[in-house]
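The values are calculated or read from the model by the stated rules, or taken from the named source; none is laboratory data. Computed from a predicted model, the values in this text were never measured in an experiment. Heads up, the Cβs are rebuilt from the backbone with ideal geometry, glycines too, and the neighbour counts pull from every protein chain shown.
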Amino acid sequence: MTATIISGKQVSEEIRGSIAGEVRALAAKGVVPGLAVVLVGEDPASQVYVRNKEKACHDLGFYSEVHRLPAETSQADLLALVDRLNRKGDIDGILVQLPLPGHIDEKAVINAIAVDKDVDGFHPVNVGNLVIGDDSLLPCTPAGVIELIKRAGISLSGKHAVVIGRSNIVGKPVSLLLQRENATVTMCHSRTERMAEIARQADVLVVAIGRANFIDASYVKPGAVVIDVGMNRLENGKLAGDVDFESVKEVSGPITPVPGGVGPMTITMLMQNTLIAAKRHHGLV
């Protein structure tokens, strides 16, 4: 059996096409979505992400600000910048790139971002709205996972989904979004016993554990949908997911590759969130 590849690159391009169309329509009304990204320090991976976000804004016709601050920036100065961005009328979304240097309290910074400009979906109010099923700006990677599954024509209703990983950024929110789609969800993590046995019960397996090629074919029920959120840099410089793609694709159904799977969706959903925030700010929703 040859697995179907779910192309995040292709789906991402489709969504960006519709975003660009909406941005043109907004421009006719004098509205330009604005995104501010804040980068503290010199983390190489963060610098790549920020450049990609800047390029996405340019390509889609957004207004973009990037604030690059030295690693020794104080928490007080960072919070002062967030406060200024909260009050700027031309900024609809604010993203502070994580991780932050150790002397800065990430929670304090996330909490300082205005809820309606929290395009990462990490503010406790947005997280709370996600938990109770109210409207909110959704975390980008989990929202991208659900979008990929839906656009592949896969119905989640009544399916058993297993999520491996319980992080606040992916595991927990994606489990809530899967439940919102009427899936029955089991969560596994580092303390789970008989994990492979549980994973093999999944109709849909979502993996976000940060360990390269950890999930092999023994974890996968024949024909199951496999979504690999992992992004690991190997010693040879290549990217690898958390799923051993070569072995798993021999037994799975639709599967996402790394790179080119979930990765492209994250920035696309960030753009989507910024567009939604802009429309709300201007009373166009």
Inspect all residues belonging to the stretch 258-273 and state whether any of them is among the polar types (S, T, N, Q), farther than 21 Å from Glu54 by Cβ and touching a helix residue (DSSP H, G or I) at 6+ places or on another chain (Cβ under 6 Å). no
Within the stretch 16-71, residues hydrophobic (A, V, I, L, M, F, W, C) and part of a helix (DSSP H, G or I) come out as Ile19, Ala20, Val23, Ala25, Leu26, Ala27, Ala45, Val48, Val50, Ala56, Cys57, Leu60
Tally, over the stretch 146-169, of residues that are closer than 20 Å to Gly210 by Cα and part of a loop (DSSP other than H, G, I, E, B): 5
Filter pass, Ser175 being assigned to a helix (DSSP H, G or I) and in contact (Cβ under 8 Å) with a residue 12 or more places away in the chain: yes
Mind checking which pairs have a first residue in the stretch 97-117 that is within 18 Å of His67 (Cα to Cα) and a second that is among the acidic types (Asp, Glu), Cβ under 6 Å, 6 or more apart or different chains? Leu100/Glu106
Verdict on Ile94 being β-branched (Val, Ile, Thr) and closer than 30 Å to Val225 by Cα: no
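To keep it simple, each residue is scored yes or no on (1) at pLDDT below 95; (2) not assigned by TED's automatic domain parsing to the domain that holds Val38.
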| residue | (1), (2) |
| --- | --- |
| Ile91 | no, no |
| Pro99 | yes, no |
| Val127 | no, yes |
| Leu130 | no, yes |
| Asp135 | yes, yes |
| Val162 | no, yes |
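Conditions (1) within 27 Å of Ala202 (Cβ to Cβ); (2) of a type outside the set (Asp, Glu); (3) assigned by TED's automatic domain parsing to the domain that holds Ile209; (4) surrounded by 18 or more Cβ atoms within 10 Å (Cβ to Cβ), marked per residue:
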site	(1), (2), (3), (4)
Leu78	no, yes, no, yes
Leu85	no, yes, no, yes
Val96	no, yes, no, yes
His103	no, yes, no, no
Ile146	yes, yes, yes, yes
Gly158	yes, yes, yes, no
For the stretch 180-210, enumerate the residues that are under 19 Å from Ser167 (Cα atoms), part of a loop (DSSP other than H, G, I, E, B), of a type outside the set (A, V, I, L, M) and at pLDDT 95 or above. His189, Arg191, Thr192, Glu193
